[in-house]
1. Could you tell me how many degrees, from 0 to 90 and to the nearest 10, lie between the Cα long axis of helix 17-34 and the main elongation axis, the longest principal axis, of the Cα atoms of the chain?
2. Starting from the Cα of ASN46, step 7 Å toward the Cβ, then list every residue of region 1-23 with an amide N under 19 Å from that point.
3. State the label only: which of [x] 1.04; [y] 1.27; [z] 0.92 corresponds to Rg/Rh (Cα atoms, Kirkwood Rh) computed from the shown model?
4. Rounded, prolate or oblate: which fits region 1-45 when a ≥ b ≥ c are the square roots of the eigenvalues of the alpha-carbon gyration tensor, with rounded for a/c under 1.5 and prolate only if a/b beats b/c?
5. With only Lys, Arg, Asp and Glu charged, each at its Cβ (+1 for the first two, -1 for the last two), find how big the charge dipole of the chain is about the Cα centre; round to the nearest 20 debye.
6. Can you pull the percent of Cα pairs in region 48-113 with separation above 14 Å?
7. Tell me which residues come under 5 Å, amide H to amide H, from THR96 once H is placed; ignore anything under 5 positions away on its chain.
Amino acid sequence: MAIAGGKLGHLVGDRGEVLDALQELTRLAVQTSTGDRSRLMLDIDNFRSDKKTELAKLAHEVAEEVKSSGESVKLRPMNAFERKVVHDTIQDIGLTSESEGEEPNRCVVVLPA
């Protein structure tokens, strides 16, 4: 579900924390109403879409670094959405990655082939 238009930055927050909370509340409301768990993804003002593009670019840059150095690279802590984007991109490139650590400091490690 995407919401666009007007000045909606306050519904996203500085780093998407308000958006994450709104998404969780929406997901819980849908679950309460339907009885089914959903994988609802809420995007406001293209925040998630833009973040996805940014993370895919980062994953490509890190993949090149890992390929050329042969060394693993550990990325900054990320939320589950961000980690999934990176894992999916790394897999598409043909490398492997894994998550390590505990929330909120869980991060992706990109491994050499």
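1. Compared with the principal axis, the helix lies near 60 degrees.
2. The answer is 1-16, 19, whose backbone nitrogens lie closer than 19 Å to the label point.
3. [x]
4. Values: a/c = 2.98, a/b = 2.07, b/c = 1.44.
The shape class here is prolate.
5. Details: 15 positive and 20 negative charges, 51 e Å.
Computed about the Cα centre, the dipole is about 240 debye.
6. On the way: 1070 of 2145 pairs.
Distances greater than 14 Å cover 50 percent of the Cα pairs.
7. LEU111
Every number here is computed from the coordinates shown, using simple stated rules; none is lab data. Fair warning: this is a prediction, and the values are worked out from it, not measured in the lab. Because the Cβ atoms are built from the backbone with ideal geometry, glycine has one as well, and the counts that use them run over all protein chains shown.
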